[in-house]
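The values are calculated or read from the model by the stated rules, or taken from the named source; none is laboratory data. Bear in mind that the values here come from a model prediction, so they are computed numbers and not experimental data. As a convention, Cβ positions derive from the backbone with ideal geometry for all residues, glycine included, and neighbour counts pool all protein chains shown. All accessible areas refer to the heavy atoms of the entire protein, side chains included, with ligands and DNA or RNA removed. Shrake-Rupley method; radii C 1.70, N 1.55, O 1.52, S 1.80 Å.
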Amino acid sequence: MFRGSSKPPSGFGSKSPKPDEPKDSAPPPPPKPSDTKRTDLDSIKTRIHRKLLDRLDLSQVIEQDSDVTREEVKALVTALCDEEDVLLDQMDRSRIISEVLDQTFGLGPLEEVLSDPAVSDILVNGPKSVYVEKEGRLQLTNVQFKDNAHVLHVLDKIVSAVGRRVDEVNPMVDARLADGSRVNAIIPPLALDGPSISIRRFGKDPVTWDNYIGWSSTTPEMRDFVEAAVVGRLNVLIIGGTGSGKTTLLNNCSSFIPNTERIVTIEDAAELQLRQPHVVRLETRPPNIEGKGAIAIRDLLINSLRMRPDRIVVGECRGGETLDMLQAMNTGHDGSLTTVHANSPRDAVQRVETMVMMSGFDLPIRAIRTQFASALDLIVHASRLTGGPRKILSVTEVLGMEGDVVTMQEIYKFEQQGIDDEGKAFGQFICTGVRPSFLDRLKSHGADISMLNFERRILESGPEVLARDQANRS
């Protein structure tokens, strides 16, 4: 009845144990030497940081944002270390100085993983559990925060920099870092084990089409076809699951838009990094502390139609704004691009149907499908396969309607053949031999594409193909 003892616990008629009798609960194990040392260093770091705050006006220091200023603060932190009545070896001393500077100028413990270009995702599951994704695999790091308050302090620095807030009233937030990396956070009481932060990295060197080909994520023929589609002002829908690389692919597709055109981008948290000179970037706004003043993607999309855009690029359609996007594509805003969460081109039709219904209009399914078929020309499907490799799985043309069904034809596809010794999926790219129906439309816009690109065959990709392609293009 009572676990660990045949006697009832004290208070239920049992006698108190004698001093020489063993008690049910064993004493807690002594802390590990490494844990004790870490605690001591954290205490020293906290004291030094407080002294630093007392001696400097950090608001002015950070605004200067120069290496000279950082070196000056580093010298002051070094002097404060000397004042500590503690014997520190060179490694601990360097560690304390580095962490105090990261806390002052950056994002504290996250600076260590943010400086690693191989990290694509950073996942904070509480103060003592920080994971990263490298080469498609999740790894537990030795990065730790002091406590939940420390995580919240760093999170507040992130969201306040983009004019947002996170608290018990608004425990969920989307934000971005200075380099464009996407941030999502959720805090207690919704997150039971402490604040959770998810960061999707965008490296200092953006992924390009050459990277796609060199990594065997696509082929030169598929890239040339997508380029012709964008130049030819086709409406393109990019689909895929979470972490499949939709935003990166959207960035690269938009790179083909001519520099002479006016582009309006609309996003929840600004991530797109368009390289054209004439770009108007719009970002949604959450409600204020009174629950008012929210500006949604749908509001921005409706307003963008009055801004004389040549192209509209929506970071992601996830609700009622999908209907407005389809209508914009159908009313003269050709060449627009957006992304949708879907696992196949056919699944994308159902997803769009569901999201259009969220707009509040009671439209029949056939009317929604007709809008879809007339608005969209091309669907590009990105996916993250087993083991981490990301591929463009298919490039599919939307033909129109036959009865109540949206008809499509696949131009290019990737066929998985198995899993290699490293646990990664491998396969081959195939040109299906189908010629798209809009080739004349592409040519009328000056898009140059060879008919050889549509001959049925297995396509090659990889570093050797990239080198050959670069030589041909030069």
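Could you tell me whether the stretch 425-434 includes any residue that is open to solvent by 60 Å² or more (accessible area, probe 1.4 Å) and within 24 Å of W215 (Cα to Cα)? Spell out the reasoning first.
As a first pass, look at the stretch 425-434 and keep what is open to solvent by 60 Å² or more (accessible area, probe 1.4 Å): 426.
Next, from what is left, pick out any that are within 24 Å of W215 (Cα to Cα): 426.
Within the stretch 425-434, one or more residues are open to solvent by 60 Å² or more (accessible area, probe 1.4 Å) and within 24 Å of W215 (Cα to Cα).
Among the residues of the stretch 140-183, write down those that are hydroxyl-bearing (S, T, Y) and either in contact (Cβ under 8 Å) with a residue 12 or more places away in the chain or under 16 Å from L123 (Cβ atoms) (or both). Within the stretch 140-183, T141, S181 meet the criteria. Within the stretch 175-185, restricting attention to residues that are hydrophobic (A, V, I, L, M, F, W, C) and under 30 Å from L385 (Cβ atoms), the residue that is most open to solvent (accessible area, probe 1.4 Å) is L177. Scanning the stretch 363-379 for residues that are crowded, with 21+ Cβ neighbours inside 10 Å, part of a loop (DSSP other than H, G, I, E, B) and either touching a Pro at 6+ places or on another chain (Cβ under 6 Å) or of a type in the set (A, V, I, L, M, F, W, C) (or both) returns a single hit, L376.
How many residues does the stretch 321-344 hold that are of a type outside the set (S, T, Y) and more than 22 Å from the chain's Cα centre (by Cα)?
Quick first cut of the stretch 321-344, residues of a type outside the set (S, T, Y) only: 321, 323-330, 332-335, 337, 340-343.
After this cut, where a residue has to be more than 22 Å from the chain's Cα centre (by Cα) as well, the list is 323-330, 332-335.
Residues flagged as of a type outside the set (S, T, Y) and more than 22 Å from the chain's Cα centre (by Cα) within the stretch 321-344 amount to 12.
From the list G360, G418, pick out the single residue that is over 25 Å from the mean Cα position of the chain (by Cα), small (G, A, S), farther than 22 Å from V226 by Cα and in a strand (DSSP E or B). Don't jump to the end; show me each part of the working.
Values: G360 fails: in a strand (DSSP E or B).
Exactly one of G360, G418 is over 25 Å from the mean Cα position of the chain (by Cα), small (G, A, S), farther than 22 Å from V226 by Cα and in a strand (DSSP E or B), namely G418.
Cβ-Cβ contacts under 7 Å between residues 6 or more apart (or on different chains), taken from a first residue in the stretch 209-236 that is under 15 Å from S255 (Cα atoms) and open to solvent by 30 Å² or more (accessible area, probe 1.4 Å) to a second residue that is among the hydrophobic types (A, V, I, L, M, F, W, C) and in a loop (DSSP other than H, G, I, E, B), are listed as D224/I449; E227/F256; V231/F256; V231/A447. Within the stretch 394-405, the residues that satisfy the criterion of being free of Cβ contacts under 8 Å to residues at least 60 places away in the same chain, open to solvent by less than 70 Å² (accessible area, probe 1.4 Å) and assigned to a strand (DSSP E or B) are S394, T396, E397, V398, G400, M401. Scoring D193 on the criteria (1) open to solvent by less than 50 Å² (accessible area, probe 1.4 Å); (2) touching a residue at least 24 places away in the same chain (Cβ under 8 Å); (3) more than 30 Å from S374 (Cα to Cα) leaves a single failure, condition (1).
Among all positions in the stretch 297-314, there is no residue which is in contact with a helix residue (DSSP H, G or I) (Cβ under 7 Å, 6 or more places away or on another chain), on the phi < 0 side of the Ramachandran plot and of a type in the set (G, A, S). Could you check, for the stretch 450-458, whether at least one of its residues is outside any helix (DSSP H, G or I), touching a residue at least 24 places away in the same chain (Cβ under 8 Å) and in contact with a helix residue (DSSP H, G or I) (Cβ under 6 Å, 6 or more places away or on another chain)? No: the stretch 450-458 contains no residue that is outside any helix (DSSP H, G or I), touching a residue at least 24 places away in the same chain (Cβ under 8 Å) and in contact with a helix residue (DSSP H, G or I) (Cβ under 6 Å, 6 or more places away or on another chain).
Suppose the filter is in a strand (DSSP E or B), open to solvent by 20 Å² or more (accessible area, probe 1.4 Å) and aliphatic (A, V, I, L, M); does L282 pass it?
Working: in a strand (DSSP E or B): yes; open to solvent by 20 Å² or more (accessible area, probe 1.4 Å): yes; aliphatic (A, V, I, L, M): yes.
It is true that L282 is in a strand (DSSP E or B), open to solvent by 20 Å² or more (accessible area, probe 1.4 Å) and aliphatic (A, V, I, L, M).
Which residue, of T265, T339, is surrounded by 20 or more Cβ atoms within 10 Å (Cβ to Cβ), assigned to a strand (DSSP E or B) and in contact with a Cys (Cβ under 8 Å, 6 or more places away or on another chain)? Don't jump to the end; show me each part of the working.
Details: T265 fails: in contact with a Cys (Cβ under 8 Å, 6 or more places away or on another chain).
Sole residue among the options that is surrounded by 20 or more Cβ atoms within 10 Å (Cβ to Cβ), assigned to a strand (DSSP E or B) and in contact with a Cys (Cβ under 8 Å, 6 or more places away or on another chain): T339.
Residues are listed down the side, and each one gets a yes or a no for (1) among the basic types (K, R); (2) at pLDDT below 90; (3) open to solvent by 10 Å² or more (accessible area, probe 1.4 Å); (4) part of a loop (DSSP other than H, G, I, E, B):
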residue	(1), (2), (3), (4)
E271	no, yes, yes, yes
R275	yes, yes, yes, yes
N288	no, yes, yes, yes
K292	yes, yes, yes, yes
D299	no, no, yes, no
M307	no, no, yes, yes
I312	no, no, no, no
C317	no, no, no, yes
M325	no, no, no, no
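Being part of a loop (DSSP other than H, G, I, E, B) and either among the hydrophobic types (A, V, I, L, M, F, W, C) or surrounded by fewer than 17 Cβ atoms within 10 Å (Cβ to Cβ) (or both) is the filter here; which residues of the stretch 145-174 pass it? Residues satisfying the conditions are F145, D147, A161, V162, G163, R165, V166, D167, E168, V169, N170, P171. So is Q139 in contact with a Phe, Trp or Tyr (Cβ under 8 Å, 6 or more places away or on another chain) and open to solvent by 20 Å² or more (accessible area, probe 1.4 Å) or not? In short, yes.
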